[in-house]
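The values are calculated or read from the model by the stated rules, or taken from the named source; none is laboratory data. Model, not experiment: these values are computed from the prediction. Using ideal geometry, Cβ is built from the backbone for each residue, glycine included, and neighbour counts are taken over all protein chains shown. Side chains included, ligands, DNA and RNA excluded: accessible areas come from the protein's heavy atoms. Shrake-Rupley method; radii C 1.70, N 1.55, O 1.52, S 1.80 Å.
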Amino acid sequence: MANIARRLPENVSGDFFVDSTCIDCDACRQIAPLIFRDHGDQSSVYHQPETEEETRLALMSLVACPTASIGTTRKYDARIGVDAFPTRVHENIYFCGFTSESSFGAWSYLIVRPNSEGGNVLVDSPRFTRPLVKKIEAMGGVRRMFLTHRDDIADHARFNEKFGAERIMHAADGARRHGVESIIEGESAMRLDDELLVIPVPGHTRGSMVLLYNNKYLFTGDHLAWSPPRETLTAFRSACWYSWPELTRSMKKLLDYEFEWVLPGHGRIHRDTLSGMRSHLVHCIEWMKATA
């Protein structure tokens, strides 16, 4: 629970606030950008909710916060935020909410598919919380868990135990140590089924991978994201735990594929035309080369 005594002074007056335990994961700013802002290394409230929809988004942010750093000075119905997750991003793609502190607030996604088409896929791991688990169970459970890299695996073992989900992870990120069922090795792309393609992209970590779904949705972990300030795709130079030259090299591999969506664990989601996305990717690679 957020502590009013630790309320950050950057918050505007009103019911909603962020306290000093904020780790600047950006989840609240993505969910409710009209309510929360980055004031430098942490988030704060710059506009108190005035409408029912703004209140709903603020409560979703409260629920999603990995460190419970968002609070209110009076009682609200938190079920409004809880019941909103998983929330649809587009078509059969959902954002799970309930981000985990162990993953630094990374976003997890659920691809909902009939069992006849391979079943549901959970991309990276949210917090294992009863309301979310019940909702996912009602949506068909989890047949597979795709773990993009070692940073964002959070409660993967509990989801595996609950749903019997087959976990997929790269050997270079400790997949065997975590008891993962399907271990990817090397750098060759691997097709899981007609709709799912695994593409190893070392750089952020040695075993980072992305998942391409239906040649449309690219789930990128911490490999690639949208940068609002730069208005283009970007990689995280300051959070590259393995090798920037390797990340630059593996980024070029994505030029061999087409996709309309980038859905990252950290950073902003972006949708574009195929040509627009390729243009942004080329720009990103050129920028990466220049910063090597």
Discussion item. Quick check on my filter: what residues within region 246-276 are touching a Gly at 6+ places or on another chain (Cβ under 8 Å) and part of a helix (DSSP H, G or I)?
Written reply: 246, 247, 248, 249, 250, 251
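Could you say which residue among 155, 193, 173, 151 is open to solvent by less than 20 Å² (accessible area, probe 1.4 Å) and in contact (Cβ under 8 Å) with a residue 12 or more places away in the chain? Steps first, please.
On the way: 155 fails: open to solvent by less than 20 Å² (accessible area, probe 1.4 Å); 193 fails: open to solvent by less than 20 Å² (accessible area, probe 1.4 Å); 151 fails: open to solvent by less than 20 Å² (accessible area, probe 1.4 Å).
Going through 155, 193, 173, 151 in turn, just one is open to solvent by less than 20 Å² (accessible area, probe 1.4 Å) and in contact (Cβ under 8 Å) with a residue 12 or more places away in the chain: 173.
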Worksheet item: Consider residue 122 against the criteria (1) farther than 28 Å from residue 57 by Cβ; (2) within 20 Å of the chain's Cα centre (by Cα): it satisfies all of them except one. Which criterion is unmet?
Response: (1)
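For (1) surrounded by fewer than 16 Cβ atoms within 10 Å (Cβ to Cβ); (2) within 21 Å of the chain's Cα centre (by Cα); (3) modelled with pLDDT of 95 or more, each residue gets a yes or a no:
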{"site": "253", "(1), (2), (3)": "yes, no, yes"}
{"site": "258", "(1), (2), (3)": "yes, yes, yes"}
{"site": "264", "(1), (2), (3)": "no, yes, yes"}
{"site": "273", "(1), (2), (3)": "yes, no, yes"}
{"site": "278", "(1), (2), (3)": "no, no, yes"}
{"site": "281", "(1), (2), (3)": "no, yes, yes"}
{"site": "288", "(1), (2), (3)": "no, no, yes"}
{"site": "292", "(1), (2), (3)": "yes, no, no"}
Practice prompt. Restricting attention to region 108-138, report how many residues are crowded, with 19+ Cβ neighbours inside 10 Å and touching a Ser or Thr at 6+ places or on another chain (Cβ under 9 Å).
Written response: 7
Worksheet, complete the sentence: All-but-one check, residue 220 against (1) surrounded by 15 or more Cβ atoms within 10 Å (Cβ to Cβ); (2) touching a helix residue (DSSP H, G or I) at 6+ places or on another chain (Cβ under 8 Å); (3) β-branched (Val, Ile, Thr), failing number (2)
